[in-house]
Amino acid sequence: MTTVDRILLSAPDVGAAEREALLRAFDAGWIAPLGPELDAFERELADYVGAEACAGLSTGTGGLELGLRLAGVVPGDEVVVQSATFAASAFAVVHVGAVPVFCDSASDTWSLDPEALKHFLADRAARDRLPAAVMPVDLYGFVPDYDRLLDVCAEFDVPIVEDAAEALGSIGPSGRRAGRFGRFGVFSFNGNKIMTTSGGGAIVGDAESMERARWLASQARESHPWYEHVEVGNNFRMSNLLAALGRAQLAGLESKIARRSEINDRYRAEFPELEFTPKGVTERPNNWLSVALLPEGRDPIALCAAMGEHGIETRPFWKPMHQQPVFAGSEMVGGAVADELFARGVCLPSGSVLTDADVQRVVDALRGLLD
């Protein structure tokens, strides 16, 4: 099997529009992490999400870190993090000097469990030890039950920083788009996301906070002729070139969501015996990745290896943070649901660049292995 024949999990979907956008920015001479393309990308992304303002950043992880700082998290604080997620969610907590406390998922959403969170917050409140923030994750393009989560967090006056890295374009309860449920919402534009700026990310929120986010992301430099700093900042700003790429990608986002949804529907139809990501309260998922639970007793890691022999990239479900060696000894609330998702979950090729023939290859290979 040659490299060109390999079917990837979620390859970038780029073309002539992206090339033209990059050349436009290059020819204009704005190469640094500021410029008209970045300004326009921030406006267009904020409008698409329905946010007041946006700050374009070099990484989604940096966006989570800034979101926590803007929410008032300081070193030594605790932050509740969904355990079933990619490590960047928890790493951002550590980067600001805080302590992650992991919480289980709900079986009807696979995302943060509102009931487990409520019991935890009630216990902490009784001991006057409430966490400084809660970070739900919009897992694989599906949102948690935000109506319940928002009620729980409001009851204890704990802010939500929404990790929407995987969910740009998804629509949750009441028609609200992913990224608009927490005080701040964060997106990732890594190469495998539903849209990409090669690397990169963004944070959305109120205009005043986003102005501060841009300042913090630009090394928190004061307005003086010399370099003066009264706070520690970060080098997190997105480049003007990558923002141009992002504008072209954003313009085609709806078609990318439509194609991934077609692929997801095909998998669900072809494998009725598998349990796919529950739609729960998500009115429209972006279907970033199509994820299914294998029958009990089937090893997802072995299946991924077998699919690889067919030239098809698959991946196990996120290994929960409470199982990660780097977080050994961290506090965990529950864990049975996250453990089962990892024990049985497989991510199937889902990129919008997949042809019908590619999808058929995946279906045939998986059916052969399941049977």
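Couple of notes before you dig in:
- The distance between label points at SER107 and ASN192 comes to 2.9 nm (points 7 Å beyond Cα on the Cα→Cβ vector).
- Charge dipole of the chain (Cα centre as origin; +1 on each Lys and Arg Cβ, -1 on each Asp and Glu Cβ, all else neutral): 520 debye, rounded to the nearest 20.
- The lysines within cross-link reach of LYS256, meaning a Cα-to-Cα straight distance under 23 Å and a gap of 8 or more places when in the same chain, are LYS193, LYS279.
- CD proxy at 222 nm, helix term only [per DSSP H run n ≥ 4: -39500 (n - 2.57); per residue of the chain; nearest 500]: -12000 deg cm²/dmol
- In the range 104-262, the convex hull through the Cα atoms has an average projected area of 11.9 nm², a quarter of its surface area.
- Candidate values [x] 1.00; [y] 0.97; [z] 1.07 were compared with Rg/Rh (Cα atoms, Kirkwood Rh) computed on the shown model; the agreeing label is [y].
- For the range 128-144 versus the range 162-217, the inter-centroid distance based on Cα atoms is 14 Å.
- Rg and Dmax over the alpha-carbon atoms of the range 266-371 stand at 15.0, 47 Å.
- Residue (of PHE187, GLY175, VAL137) at the positive-pole extreme of the range 114-208, dipole from beta-carbon charges: PHE187
- Cα-centre dipole for the range 196-284 with unit charges at Cβ (Lys and Arg positive, Asp and Glu negative), debye to 20: 340 debye
- Exposure rank, largest accessible area first [ARG284, ARG237, ARG221; 1.4 Å]: ARG221, ARG284, ARG237
- Lys, Arg +1 and Asp, Glu -1 on Cβ, resulting dipole of the range 88-134 about Cα centre, debye, nearest 20: 240 debye
- Note on LYS319: no lysines have a C-alpha under 18 Å away, same-chain residues under 8 apart excluded.
- Percent antiparallel among DSSP beta bridges (both partners in the chain, rounded to 5): 60 percent
- GLU283 paired with GLN324, simple spin-label distance in nm, labels 7 Å along Cα-to-beta-carbon: 3.3 nm
- Estimated distance in nm for a label pair at CYS304 and ASP371, the labels positioned 7 Å out from Cα along Cα-to-Cβ: 2.6 nm
- Here the range 162-231 carries DSSP beta bridges of which approximately 75% are antiparallel, counting only pairs with both residues inside.
- Sparsely packed GluC sites (Glu not before Pro) within the range 309-352, loop by DSSP, other Cβ within 10 Å at most 16: GLU331
The values are calculated or read from the model by the stated rules, or taken from the named source; none is laboratory data. As the structure is a prediction and not an experimental result, all values here were calculated from the model. Methodologically, a virtual Cβ is constructed for each residue, glycine included, from the backbone with ideal geometry; neighbour enumeration extends over all protein chains shown. Keep in mind that these areas ignore ligands, DNA and RNA; they rest on the heavy atoms of the full protein, side chains included. Shrake-Rupley method; radii C 1.70, N 1.55, O 1.52, S 1.80 Å.
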